[in-house]
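What follows is one structure encoded as structure tokens, with my remarks underneath.
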């Protein structure tokens, strides 16, 4: 992560989500006392986001919050998206979340998941992508599982 003048502002550790599972902040890797606090940059303070770098308005955009206040994140918050099981609404498990996909040009809503069935399955068969054709419509993101329409089973793509 960089400031507008090209000076390094920190390393990205995680991303935080709001109650609708839209990207709300970027969590920085930090040396905060006993990890009871985290440094974040709220998404509106991000000026540019590319494949290799993220730029923020100023150093003042980096704020410190208590770790308990980071409610939803990919892998460090109170509720974590990584490793959540994904089920169809008729009860079939499709895998566990290993990564998420966003549309670059259309905001910060999650539009797909990369699913894993475990290390050996990933090595021998590859991970599967579940890209949601209707975006988050019909998807329930719960604290313990993600529920998707049964039709999503047919649109799984396997990565070699």
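Table for the structure above
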{"item": "Filter result for the condition that a residue is touching a strand residue (DSSP E or B) at 6+ places or on another chain (Cβ under 8 Å), part of a strand (DSSP E or B), modelled with pLDDT under 90 and in the same structural domain as residue 10 (by TED's automatic domain parsing), over 39, 48", "result": "48"}
{"item": "Tally, over the range 132-147, of residues that are in a strand (DSSP E or B) and either modelled with pLDDT of 85 or more or exposed (fewer than 14 other Cβ atoms within 10 Å of the Cβ) (or both)", "result": "3"}
{"item": "Subset tally (residues that are part of a strand (DSSP E or B), modelled with pLDDT under 85 and either in the same structural domain as residue 29 (by TED's automatic domain parsing) or crowded, with 16+ Cβ neighbours inside 10 Å (or both)) for the range 80-121", "result": "3"}
{"item": "The one condition in (1) farther than 26 Å from residue 152 by Cβ; (2) free of Cβ contacts under 8 Å to residues at least 24 places away in the same chain; (3) surrounded by 12 or more Cβ atoms within 10 Å (Cβ to Cβ) that residue 62 fails to fulfil", "result": "(2)"}
{"item": "Hits in the range 51-74 - residues which are assigned to a helix (DSSP H, G or I) and touching a helix residue (DSSP H, G or I) at 6+ places or on another chain (Cβ under 6 Å)", "result": "61"}
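The values are calculated or read from the model by the stated rules, or taken from the named source; none is laboratory data. Please read these numbers as outputs of a predicted model, since none were measured by experiment. Counting neighbours? That spans all protein chains shown, and the Cβs are built from the backbone with ideal geometry, glycine included.
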